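Working notes, beginning with the structure itself.
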Amino acid sequence: MTVSFISLGCAKNMVNTEQMMALCRDAGITLQEEQAGADVVVINTCGFIDSAKSEAIDTVLAMAELKEAGSIQKILVTGCLSQRYQQEVLTELPEVDGVLGTGSYSDIVPALQGVLAGEQVCRFGNIHAPIEELDRVRLTPDYYGYLRIAEGCDNHCAYCVIPSLRGKYRSRKMEDVLTEAEKLAKEGVRELIIIAQDITRYGIDLYGERKLAELLPALCRMDFHWVRLHYLYPDEITPELIEVIAREEKILKYIDLPIQHCNDQVLRAMNRRSNKEELIELFGQLRDRIPGLVLRTSLITGLPYEDEAAFEELCQFLQDVRIERAGVFPYSPEEGTAAAKMLNRVDTAEAERRAELVVDVQSRIMDDFNESRLGTVVEVLCEGWDAQSMGYVGRSYAESPDIDGRIYFSAEREVAAGEFVPVRITDTMDGEVTGQLWEEN
Ligand code: SF4
């Protein structure tokens, strides 16, 4: 049997794809990158907001054309879209031969055998079940890799369906996390990216206390060059954690801290536990204690209770706190969420207009940040040759893979992908920066 995997959505979902691929490999199934010619194409979907759902459905329809043309035999849909709509996926998309929920990733091999035997597979395991420790076939380049330390979420933000798709918060045992990290280091990972729906809550469920501040130094003692943190929840950030981030050299001075909004009434209605004053205070503590810190956040415009004044307040807040990196999303009312029942909100067109305005505000902040780096020398992880710019491309501490810009640089010698090199920033270009290799000799 030959199988091709398509991984959609976030890095956490990609880890599930990698785990399913390892189960297939261990079962003697042939994995191929190309979809055409595969017996089964597995689409591991995202489904938490409209745009993600559309991408998943478009991908299914594209594979349906290959199936129609006889280039592939079967389509298996896994992940969050399956979990959310279950049997409906099969009735609405008859081209699909089977569905696996987020509690059934480890059933991938029997599911593949089932669809190839003509069975309409439909498996939805317990999404709150203890986490299975599974091997992975990594989809990232050798030199960086994701380490998912927990699954699910207990924060229950009013606009979010993720807890109902991924289950309650479950930390992995620290020894399992450390064992996997050791393996990643041996595989050549130099940049370790720590992920979960909320990494700051790590350990609370399993050990009765937060354990991230204890886990990070242990990871830093391993043969990684960089440790990058994603998905920190504002009011879960303790002074102890700030100390560890500031003290550990390998921990990048880059923090991904989704806040979604700043208006107290909006935050309260969205069941977010920090108010504006607390967010400002937290940013102050972080910037005071961690010089050169780059903050990333995610913002939603058009949420219920966001009237014109609240929106203006958000724009002013962003200009005041100057967060260097941001993902901006127009609110998408998701059925099954508390927020979707709140009708005091603007329409989608207005939410999108506001998102564009926030993107403008953030673009100016990002440009100012890039300007401030001119003439500085930064350590860059080279990611290879870029034919378009006829130079090398890479990332510094301030750029995370796939979500931030990159650094384009020239060099008078060959630079290998995965090599860390000093680059002098010489110019800015469309939200990104350019530079040149800056070695003493
Ligand atoms: S923290 Fe909130 S937004 Fe993030 S996954 Fe959990 S419930 Fe959703």
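Quick look at the values:
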{"quantity": "Segment 308-441, accessible surface, carbon-and-sulfur percent (1.4 angstrom probe)", "calculated": "50"}
{"quantity": "Cβ-Cβ FRET estimate between Lys186 and Arg353, R0 fixed at 60 Å, reported to 0.05", "calculated": "0.75"}
{"quantity": "Cα convex hull of segment 305-370 - mean projected area over all directions, nm²", "calculated": "4.7"}
{"quantity": "Partnerless cysteines, meaning none of the other Cys C-beta atoms lie under 4.7 Å away, in the chain", "calculated": "Cys10, Cys24, Cys46, Cys80, Cys122, Cys153, Cys220, Cys262, Cys315, Cys382"}
{"quantity": "Directionally averaged shadow of segment 264-315, computed from the convex hull of its alpha-carbon atoms, nm²", "calculated": "4.0"}
{"quantity": "Dmax and Rg, reported as Rg then Dmax, of the chain (C-alpha, Å)", "calculated": "22.3, 66"}
{"quantity": "Overall form of segment 112-228 per C-alpha gyration tensor (a/c, 1.5; a/b vs b/c)", "calculated": "oblate"}
{"quantity": "Pairwise Cα inverse-distance average, inverted: Kirkwood Rh of segment 1-135 (Å)", "calculated": "14.5"}
{"quantity": "Cα centre as origin, Lys/Arg/Asp/Glu Cβ charges: the chain dipole, Debye", "calculated": "980"}
{"quantity": "Listed residue (Ala349, Gln120, Trp385) projecting farthest to the positive dipole end of the chain, Cβ model", "calculated": "Gln120"}
{"quantity": "Dipole of segment 1-105, positive direction: furthest Cα of Thr91, Gly101, Ile72, with charges on the beta-carbon", "calculated": "Gly101"}
{"quantity": "Largest-first ellipsoid semi-axes for segment 1-44, taking √(5λ) over the Cα gyration tensor eigenvalues, angstrom", "calculated": "17, 13, 6"}
{"quantity": "Dimensions in Å of segment 360-412 - Rg and Dmax from alpha carbons", "calculated": "12.0, 37"}
{"quantity": "Cα pair count fraction exceeding 16 Å, expressed as % - segment 190-261", "calculated": "45"}
{"quantity": "Pair-distance profile P(r), taking every C-alpha pair of segment 85-156, with 10 angstrom steps and integer %", "calculated": "16, 37, 33, 15, 0"}
{"quantity": "Between segment 148-171 and segment 256-296, the alpha-carbon center distance in angstrom", "calculated": "20"}
{"quantity": "Segment 1-80 shape via C-alpha gyration tensor axes, a/c threshold 1.5", "calculated": "oblate"}
{"quantity": "Qualifying lysines (Cα of each under 18 Å from Cα of Lys168; at least 8 residues distant if same chain)", "calculated": "Lys12, Lys211"}
{"quantity": "Average accessible area per residue (Å²) across the chain - probe 1.4 Å, nucleic acids and ligands excluded", "calculated": "42"}
{"quantity": "Cβ crowding within 10 Å averaged over residues, with 27-40, 227-240 ranked highest first", "calculated": "227-240, 27-40"}
{"quantity": "Lys, Arg +1 and Asp, Glu -1 on Cβ, resulting dipole of segment 199-265 about Cα centre, debye, nearest 20", "calculated": "240"}
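The values are calculated or read from the model by the stated rules, or taken from the named source; none is laboratory data. Values in this document were obtained by computation on a predicted structure and should not be read as measured data. Here the Cβ is made from the backbone with ideal geometry for all residues, glycine too, and neighbour counts use every protein chain on show. Note: areas computed on protein heavy atoms with side chains; ligands, DNA, RNA excluded. Shrake-Rupley method; radii C 1.70, N 1.55, O 1.52, S 1.80 Å.
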